[in-house]
1. Going by the conditions given, is V179 part of a strand (DSSP E or B), more than 9 Å from ligand 1 (Cβ to nearest atom), farther than 15 Å from D305 by Cα and in contact (Cβ under 8 Å) with a residue 40 or more places away in the chain?
2. Yes or no: the stretch 241-248 includes at least one residue that is within 16 Å of ligand 1 (Cβ to nearest atom), at pLDDT below 95 and over 29 Å from I33 (Cβ atoms).
3. Is it the case that the stretch 103-121 has a residue that's open to solvent by 30 Å² or more (accessible area, probe 1.4 Å), in contact with a strand residue (DSSP E or B) (Cβ under 9 Å, 6 or more places away or on another chain), away from ligand 2 (no atom under 16 Å from the Cβ) and assigned to a loop (DSSP other than H, G, I, E, B)?
4. Inspect all residues belonging to the stretch 76-91 and state whether any of them is without any contact (Cβ under 8 Å) to a residue 40 or more places away in the chain and within 15 Å of ligand 1 (Cβ to nearest atom).
5. Identify all residues within the stretch 38-72 that are open to solvent by 10 Å² or more (accessible area, probe 1.4 Å) and either away from ligand 1 (no atom under 16 Å from the Cβ) or outside the structural domain of Y338 (by TED's automatic domain parsing) (or both); write none if there are none.
6. Which one is nearest to G172 (Cα to Cα) among residues in the stretch 250-276 that are surrounded by fewer than 13 Cβ atoms within 10 Å (Cβ to Cβ) and modelled with pLDDT of 95 or more?
7. Being in the same structural domain as S43 (by TED's automatic domain parsing), closer than 22 Å to D50 by Cα and in contact with a strand residue (DSSP E or B) (Cβ under 8 Å, 6 or more places away or on another chain) is the requirement here; does G130 meet it?
8. Filter the stretch 270-295 for residues that are under 20 Å from F232 (Cα atoms) and in a loop (DSSP other than H, G, I, E, B) and give the result.
Amino acid sequence: MLKTAAYAAASAQSPLAPHSIERREPGPNEVLIDILYCGVCHSDIHQARDEWGGSIFPMVPGHEIVGRIAQVGAQVGKFQVGDAVGVGCFVDSCRECPQCRDGLQQYCDQGMTGTYNSRERAGGAPTFGGYSTRITVDQDYVLRIPASIPLDRAAPLLCAGITTYSPLKHYGVKAGDRVAVVGLGGLGHMAVKLAAAMGANVTVLSTSESKRDAALALGAQDFAATRDPAVFKTLARSFDFIIDSVSGEHDYNAYLSLLKVDGTMVLLGIPETPAPVAAGLLISKRRRLAGSMIGGIAETQEMLDFCAEHGIASDIELIDIAGINEAYERMIKGDVRYRFVIDIASLERAA
Ligand code: NAP
Ligand code: ZN
Ligand code: ZN
């Protein structure tokens, strides 16, 4: 076993603090990755604070992992030592169910094995994420980072990027479509960049008036501050597609009223408590309310290649691991531009 420096939450009430974990030596189909950067997703906060229930402690969060291959198992053909690679939200799945066979591992019938806060399929040991200096992963669950994307700005693509790319593709968003992005955080800013690159006409709907200029710079054509209720009248029945990336409680109905006939609103954010939906709002305009979870391995690689082709990377604030608890507090206040990424070298220094 390989003793590995990490940062962990000891309980739902504890701040993250230095911790030590064991990584296994890579098996025949596995690679050992030296982690360089790890993005900070709002799901890390939800889980470290047990807002969804069932969290496993101690927890080492982090599922936006970028690093370099340090060691390869005997059967590994896809990667070589030194390759720049990524690991996203899952590290295994059953590989046999219809979804796994179809490249939709995130919807595995037996449940995907989360990169952290989950259990290994063999043996049931808890999994630990990317707030750590290295990780051992099966080669089939590892992504290749295109050379043109800076590695620190690539990390958030492994969750925020694929989570927004997948529904845009699945629902066939195309040039000229009017798309609204609700919530301009990590997911939201990627949704703006990706939808704009697909040719959509993007409007950002944000609670933070201060994000207006940034939204336009990211590629949005329009911006509306949703604290002003008049916005919901002005923009009624305006959009073909709405991406809702809001992490906290909010009124879905207000946003549904902004969809045109046959429009679709996809929920990506997972607030702590369920919220009511008015059936009449859906029925009266044949609107659809949908959900979507990350994306499969092949689609994640497609998204990374799309980003390389279109010169897209995440806008980040690079932090030392010691700043992680403050970063969580700032994200909860919506004060993030637009993804915190941990420089894992700072964790080695702290160890
Ligand atoms: P984030 O960076 O913290 O951004 C969330 C944004 O939502 C905030 O910046 C804020 O934007 C807005 N917001 C927050 N609370 C709000 C409230 N009560 N009412 C209205 N707007 C509010 O979070 P993230 O990492 O993008 O994640 C967003 C959500 O998606 C989280 O719930 C996360 O767990 C979930 N998620 C889902 C998937 C999936 O597969 N479906 C994958 C990753 C994450 P403004 O300042 O612009 O209003
Ligand atoms: Zn995430
Ligand atoms: Zn499966």
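1. yes
2. Within the stretch 241-248, one or more residues are within 16 Å of ligand 1 (Cβ to nearest atom), at pLDDT below 95 and over 29 Å from I33 (Cβ atoms).
3. yes
4. no
5. Residues satisfying the conditions are I56, F57, P58, R68, A70, Q71, V72.
6. Looking at residues that are surrounded by fewer than 13 Cβ atoms within 10 Å (Cβ to Cβ) and modelled with pLDDT of 95 or more, I get D262.
7. Judged against the criteria, G130 is a match.
8. Passing the criteria: A275, P276, V277, A278, S284, K285, R286, R287.
The values are calculated or read from the model by the stated rules, or taken from the named source; none is laboratory data. As the structure is a computational prediction, the values presented were derived from the model and not from experiment. Quick reminder, even Gly has a Cβ in these numbers, built from the backbone with ideal geometry, and neighbours come from all protein chains shown. Accessible surface is based on the protein model in full, side chains and every heavy atom, while ligands, DNA and RNA are left aside. Shrake-Rupley method; radii C 1.70, N 1.55, O 1.52, S 1.80 Å.
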